[in-house]
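Undergrad: Dumping the structure here so I can ask a few things about it.
The values are calculated or read from the model by the stated rules, or taken from the named source; none is laboratory data. Quantities reported herein were computed from a predicted structural model and do not represent experimental measurements. All Cβ positions, glycine included, derive from the backbone under ideal geometry; neighbour counts span all protein chains shown. The protein model used for the area step is the full one, side chains on, heavy atoms only, and it has no ligands, DNA or RNA in it. Shrake-Rupley method; radii C 1.70, N 1.55, O 1.52, S 1.80 Å.
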Amino acid sequence: MKNVSIDTITQAVLSYYSDSTDPRFMFVLKALIEHLHAFAKETELTHEEWIRGLQFLYDAGQISTPERNEFVLASDVTGLSSLIDMLGSQHEGTSSSVLGPFHIAGAPEQAYGADLKRDNAGATVLVTGRVSDLEGRALNGAVIEMWQTADNGLYSNQDEAQPDYNLRLTTSVGEDGRYAFTTVRPAPYKVPDDGPVGEMLKATGRNAWRPSHLHFIVTAPGKRALVTEVFPSDDPYIDRDAVFGVREDLIMEYQQKTDLSDLPPGLEVGEDVTLPWYRVDFDFVLVDD
Ligand code: BEZ
Ligand code: FE
């Protein structure tokens, strides 16, 4: 094509692609090109701004490692990760939420009532609940993975002072679908803000904080795996999560308790609990795969 102009360049680029290769890939790529061109036109993007954007991508690549993916973080703080997550999980079950970079597979399997608190600082929290299907039937054999920060806002893989797999758990539910463990109350923390994404947050006056949360992955035979997190209603950052992970049905309460006799039986922690202690009840509802 000769004489490409501002008005014809989008069509010129699109005409180079054939729909016969992989229709879905072509559809997505063409829409991306159209939106990028429309974005440049709408914003009247300058050469300097375009170079700045490319520098951001270069810097994101430079700081990324197998353990730290700055592109995922950019997707998180622009809400793209959460949007894609919500688009892909429009069902009646428990909402999903971002996985985040701090999950590690292989947390030791522990029985109902396990104690994760051990000598971690912080208030004792008893987390209990049930895993069911949409009809309320217990999902015998469901497996729960949980990970969280310690009282200092750090995950075990960010903090050399914590033992491996500290405050991480894998547990299977029984016939009644119930799970229980004791732990400590996690703390709010900032997403990594020492790279180009942090620079962007600072330049726009944005908050890097996430409200405190417990991460969960819940799986059961024949059910769709649920990756989610639950948040306390009274967290100072509950309305301004840096990565937009909060959903109404993922909000819980830390119910304060002063009486040890309120502890259910069968907990490893027994009566060795700090007072006051807190109770969180959270049920998971899984949908068919
Ligand atoms: C997290 O919750 O672990 C997390 C999620 C997104 C970005 C950074 C951290
Ligand atoms: Fe987290």
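Undergrad: Just to verify a result, which residue in the stretch 222-265, among those that are acidic (D, E), surrounded by 13 or more Cβ atoms within 10 Å (Cβ to Cβ) and more than 12 Å from T94 (Cα to Cα), is nearest to the chain's Cα centre (by Cα)?
TA: The qualifying residue nearest to the chain's Cα centre (by Cα) is D241.
Undergrad: Among the residues of the stretch 266-289, write down those that are in a strand (DSSP E or B) and open to solvent by 20 Å² or more (accessible area, probe 1.4 Å).
TA: If the condition is that a residue be in a strand (DSSP E or B) and open to solvent by 20 Å² or more (accessible area, probe 1.4 Å), then Y278, R279, D281, V285, D288 are the ones that fit.
Undergrad: Something else now. Pairs please, first residue from the stretch 3-29 and under 21 Å from E44 (Cα atoms), second anywhere and open to solvent by 100 Å² or more (accessible area, probe 1.4 Å), Cβ atoms under 6 Å, 6+ apart in sequence or on different chains.
TA: Short answer, once both residue conditions are applied: A12/M1.
Undergrad: Oh, and also: Out of P186, P163, report the one residue that is within 18 Å of the chain's Cα centre (by Cα) and either in a loop (DSSP other than H, G, I, E, B) or crowded, with 22+ Cβ neighbours inside 10 Å (or both).
TA: Sole residue among the options that is within 18 Å of the chain's Cα centre (by Cα) and either in a loop (DSSP other than H, G, I, E, B) or crowded, with 22+ Cβ neighbours inside 10 Å (or both): P186.
Undergrad: Kindly evaluate S212 against the criterion of being free of Cβ contacts under 8 Å to residues at least 24 places away in the same chain, open to solvent by less than 80 Å² (accessible area, probe 1.4 Å) and in contact with an Asp or Glu (Cβ under 7 Å, 6 or more places away or on another chain).
TA: Taking the combined requirement at face value, the residue does not satisfy it.
Undergrad: Still on this structure, please answer the following. Do we have A225 as touching a strand residue (DSSP E or B) at 6+ places or on another chain (Cβ under 7 Å) and either closer than 19 Å to R279 by Cβ or within 16 Å of ligand 2 (Cβ to nearest atom) (or both) here?
TA: no
Undergrad: To continue, here is another question. Of the residues T65, T10, which single one is assigned to a loop (DSSP other than H, G, I, E, B) and either farther than 30 Å from L99 by Cα or out of contact with any Gly (no Cβ under 7 Å at 6 or more places or on another chain) (or both)?
TA: T65
Undergrad: Consider S97 carefully, then state whether it is in the same structural domain as L134 (by TED's automatic domain parsing) and hydroxyl-bearing (S, T, Y).
TA: Criteria met by S97.
Undergrad: So, in the stretch 54-104, of the ones that are out of contact with any Asp or Glu (no Cβ under 7 Å at 6 or more places or on another chain), within 16 Å of ligand 2 (Cβ to nearest atom) and closer than 26 Å to S132 by Cβ, which residue ends up least open to solvent (accessible area, probe 1.4 Å)?
TA: Checking each candidate, the answer is S82.
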